[in-house]
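Derivation of every value follows stated rules applied to the coordinates shown; laboratory data play no part. Owing to the predicted nature of the structure, the values given are computational and were not obtained by experimental measurement. Positions of Cβ are backbone-derived with ideal geometry, glycine not excepted, and every protein chain shown enters the neighbour counts.
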Amino acid sequence: MSQQLVTLLLGSNLGDRKKNLRTAMLFIEKEIGPIEQRTEYLNTEPVEFVSNNIFCNIALRIKTHLSPVELLNLLKNIEHLMGREEDTLISKEYSDRVIDIDIVLFGNLHFYSERLQIPHVRHFYEREFSRKLLDELTKH
């Protein structure tokens, strides 16, 4: 597959949140592809579940030759390596997490499967913090 420009959204609300995001970005650059662009960090309240732990979020644009499913598998592996134990798709519930990495956009591709939807509808249309980060990416 040729190189694709992919938008990712990362979040952490456990431990040293910024360090978790930096570690995830290092894994992404090593395992997936270069980070072309990134936003500033944004602290946000949890969405769709109750927690006292504030999230730190960041949006990235990366280039990759991977397919959407290959990319998803590598991102899930990074989450697991960093200590994330439960996947929201399996548990069907949101909870605190060391790291969460979502694929928001993958070039101009529209892709729908049980495990992955591109564009990521909730981030793209429903979540205010996501729109804020995505807007910051488009302004650069």
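Obtain the nm distance between the two label points defined at H65 and N52 by a simple spin-label model: each point lies 7 Å from its Cα along the Cα-to-C-beta direction.
According to this spin-label approximation, the distance is 4.9 nm.
Place a +1 charge on the Cβ of each Lys and Arg in the chain and a -1 charge on the Cβ of each Asp and Glu, then give the dipole magnitude about the Cα centre in debye, rounded to the nearest 20.
Dipole magnitude for the chain comes out near 380 debye.
Quick one, which of (i) 42, 33, 28; (ii) 53, 28, 24; (iii) 37, 36, 24 is the actual Cα extents along the principal axes in Å calculated for this model?
Here the calculated entry is (i).
So what's the angle, to the nearest 10 degrees on a 0 to 90 scale, between helix 68-81 and the longest Cα principal axis of the chain?
40 degrees
By how many degrees, between 0 and 90 and to the nearest 10, does the Cα long axis of helix 128-139 differ from the longest principal axis of the chain?
Taking the Cα atoms of the chain, the angle to 128-139 is about 40 degrees.
Once both axes come from the Cα atoms, what is the angle between helix 17-31 and the longest principal axis of the chain, in degrees from 0 to 90, rounded to 10?
20 degrees
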